Every structure is written in C-alpha cells, then in structure tokens.
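The values are calculated or read from the model by the stated rules, or taken from the named source; none is laboratory data. Remember, it's a predicted structure, so these values are computed and weren't measured experimentally. Cβ coordinates were reconstructed from backbone atoms using ideal geometry, including for glycine residues, and neighbour counts include every protein chain displayed. Remember, those area values only see protein heavy atoms, side chains included, never the ligands or the DNA or RNA. Shrake-Rupley method; radii C 1.70, N 1.55, O 1.52, S 1.80 Å.
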Amino acid sequence: MLRIGDRPLPVVGRARMYVCGITPYDTTHLGHAATFVWADVAARVLRHLGVDVDVCRNVTDVDDVLDAAAAHVGDRSDSFAAVQQFRFERDMVSLGVRPPTHEPRAHNHVAQVVTLAAALLESGAAYLRGGTVWFRGGEVPARAGLSAADAAALAAEFGQDPGLEHPADVPIWRAATDGEVAWPSPWGEGRPGWHAECAAMALTTLGPALDLHVGGADLRFPHHAYESAMAEAVTGVAPFARAWMHVGTVRVGGAKMAKSTGNLVLVSDIVDTYPAAALRLLLVDRPWRQEWDYEPAALDAATGRLERLYSAASRGVMEDGTKAAAAVTAALLADLDVPAALAIAEEAGGEAARLTLSVLGLT
C-alpha cells in the first residue's frame, strides 16, 4: 500500500488524481516540471500496484495574468494560450510525463462555475455583492493552520483582494470590468474565480472526492485551501482529497524560481544539452516535499548517475535479485522514497535496477 506523508492511501480498483496544471502564459521551467514529474511518478507507482489511475490535469486558460501576457504581445488570449500549451506538452513528452486521462480547460467549465456559485449562494456559503459572488472563507485560514495575518500575506502574494464581509472571503464569480473577456451569468457578465475554476473542473471530472491531489507547495494556500473548502461546502463530502502532495519549491540562489524574479531555468534549454532522463532524475532524486536550489553542476552528476543505473540494469540475473526488487518497491511505497530506491538499484543492479528505471520513467 502506498503511503503519502503519514497517511496510508489504500485504493480499491481506481485512483482519482487531480494535478493542478499550468496557466499557459509562459514556457515550462523547472518549478513547473518538478510538480508534473512527481505527479507522474506517483501515478506510475500506483499502476505498478495494479491500480487504474485517472489523472486529471487542468489548464487554467481563464486568468488575468494570461490576459495581460497576451495583450503585451498583441495577441488574443485563446491563441496565445494554445501556443504556450503546445510548448508545455512538448516539454512533458520530453520528460516522459504520460498524458493525463482528462485535461479540462477552464474556459470550457465556466457554466460549471456558475452552477457552483448558485449552489453555494443557495446554501448560504456565499453572498452576492455588485455582480460578484463571494465565498464565505472566514474559517479557511484556520483550517489551513494559518493565522489571519499569515493568510493575508500569502493571499496578497497572489494578488487576492480582501473580501467584503470578511477579509478571507474570495470570489467564486467576479463581475467583469470594461475590456475583459466575460461570460453571462444570473448576476450579470463576469468571470470565474481562480479557486472556483479548479473546484468546478475537479468535481465535474472526478466527482465529489479525490484520492490524491498534487500541486506546487506555493499553492497550498490560498489556492488549494479554498478549492477544497468550496468543494466540501457544495457536496458535503469531506475530505475533498484523501491525500495531498505539495511538491517542494525549486529555487535559484535561494530565491523561488519564478518569472517575476527573472531566474527561470527552462526545460527546453536543458534538454537541448542534457538527456531528458537525466533532468527527470535530478527532479526526483530527493524527498518530494523538499525545497531545493538548482545548480547547473547537478545535471552533470545526474547524467553520471543515470549512466551508472543503465550499466547496473544490464547485469544478468543476480542471486538476490527478486529480494532487491521487492526492496525497491517497498521504498517507493514508503512516501515515494526515490533516493532509497535508487541506492538499492545502483548497488544490486539487474532486476532491481530495471524495475527502478521502469517505474520512475527513466527508460
């Protein structure tokens, strides 16, 4: 049985995994890639156990940041997003990330956000002011283990405005301003709120509860906290996700890798010079929740280790090969302990190394 953190994750028949996908306004950097590669590893380990895995990875193609990026280059948001999505998918293919079972796009789920907003209004979990439907989020920071001040600071990093009745309230549906792309609703022209988009896409695609939710550590609050709170409020099913993987942040020189800091390291640039499998190995050769600093020299080390693993896998039948392979599986089931699995594979070689390379997607 797979364990994620301190939580055993027994699955009968089918696992439902939701992966917070990209906002297609920029090219894939290592921070993005780490999340999606780790999600792929989790799915591969579950499949290794004989579990069918439905992976839903959304595309947030209704977003103010996307609109601004498209306007900056004089393009329409939809065509700009399509180009960025193509580049992202090319990078995922190069890294061996399997295509998701479902890939909902926010612009196709606006009607579901309207339905979500109406249901939350009817239940009293939301209120209407000036064409905007606000979710009552006063309890969400405490549920996330945050003080009001810490929650406000994190929300401000994402440009989240304070709510009207309570500072922690967030828009499910936001009244449009002049010049914005907007959709009709019972409350007038408007746009879906970010957290509501993911709630609506997850509920529509996978139902009222998930087995595993994956996303970057920086999305723990506010995004995932509000997404799950909205879903639970509308369905009455809790918890929304049985387990969470908040993948550790990738930094450069101690600063989070982000477009705003100008320190991006792009997947496409690396795979022009290094084997894509070496980059994938670099991304997962650590605990999945660990923050880490990228250094170019680490790619040389990962390439060397990948070659040693290939060499180890070429060994013939070993006396304790089956035992070593079982030890690899046990390591991966213990909170996806990839470093332990790699150490066993490199030392034992043969069947253990071949299994490790296969399950981790390094072949």
Residues that are surrounded by 23 or more Cβ atoms within 10 Å (Cβ to Cβ), within 26 Å of A200 (Cβ to Cβ) and within 18 Å of the chain's Cα centre (by Cα): does segment 4-14 have at least one? no
Of the candidates E307, E346, the one satisfying the condition of being farther than 26 Å from R7 by Cα, loosely packed, with under 14 Cβ neighbours inside 10 Å and not hydrophobic (A, V, I, L, M, F, W, C) is E307
For segment 177-203, give me each residue that is farther than 12 Å from V110 by Cβ and open to solvent by less than 60 Å² (accessible area, probe 1.4 Å). E180, W187, G188, H195, C198, A199, A202, L203
Restricting attention to segment 49-92, report how many residues are in contact with a Ser or Thr (Cβ under 7 Å, 6 or more places away or on another chain), of a type in the set (D, E, K, R) and either at positive phi or open to solvent by 20 Å² or more (accessible area, probe 1.4 Å) (or both). 4
Here is a list of conditions, (1) of a type in the set (G, A, S); (2) surrounded by fewer than 20 Cβ atoms within 10 Å (Cβ to Cβ); (3) in contact with a strand residue (DSSP E or B) (Cβ under 9 Å, 6 or more places away or on another chain); (4) touching a residue at least 40 places away in the same chain (Cβ under 8 Å), and S268 meets all of them except one; can you say which number that is? (3)
If you go through segment 234-243 one residue at a time, do you hit one that is within 20 Å of P171 (Cβ to Cβ) and among the hydrophobic types (A, V, I, L, M, F, W, C)? yes
Could you please let me know if A233 is under 29 Å from A149 (Cβ atoms), open to solvent by less than 30 Å² (accessible area, probe 1.4 Å) and aliphatic (A, V, I, L, M)? no
What residue, among those in segment 308-322 that are under 15 Å from L357 (Cα atoms) and assigned to a loop (DSSP other than H, G, I, E, B), is modelled with the highest pLDDT? S314
Return the residues of segment 271-295 that are touching a strand residue (DSSP E or B) at 6+ places or on another chain (Cβ under 7 Å), surrounded by fewer than 23 Cβ atoms within 10 Å (Cβ to Cβ) and assigned to a loop (DSSP other than H, G, I, E, B); say none if nothing qualifies. R286, R289, E291, Y294
List every residue pair whose Cβ atoms lie under 9 Å apart, where the two residues are 6 or more positions apart in sequence or sit on different chains, the first residue falls within segment 346-357 and is closer than 15 Å to T329 by Cβ and of a type in the set (S, T, Y), and the second residue, located anywhere, is assigned to a helix (DSSP H, G or I) and open to solvent by 30 Å² or more (accessible area, probe 1.4 Å). T356/I344; T356/E346
Quick one: which of L46, L95 is closer than 29 Å to A277 by Cα, touching a Lys or Arg at 6+ places or on another chain (Cβ under 6 Å) and surrounded by 17 or more Cβ atoms within 10 Å (Cβ to Cβ)? L95
Could you please give the count of residues in segment 131-145 that are assigned to a helix (DSSP H, G or I) and open to solvent by 40 Å² or more (accessible area, probe 1.4 Å)? 2
Going through (1) surrounded by fewer than 22 Cβ atoms within 10 Å (Cβ to Cβ); (2) within 30 Å of L281 (Cβ to Cβ) one by one, L121 fails only at (2)
Looking for whichever is open to solvent by less than 40 Å² (accessible area, probe 1.4 Å), part of a helix (DSSP H, G or I) and touching a Ser or Thr at 6+ places or on another chain (Cβ under 6 Å) here; the options are A341, A298, A325. Which one fits? A341
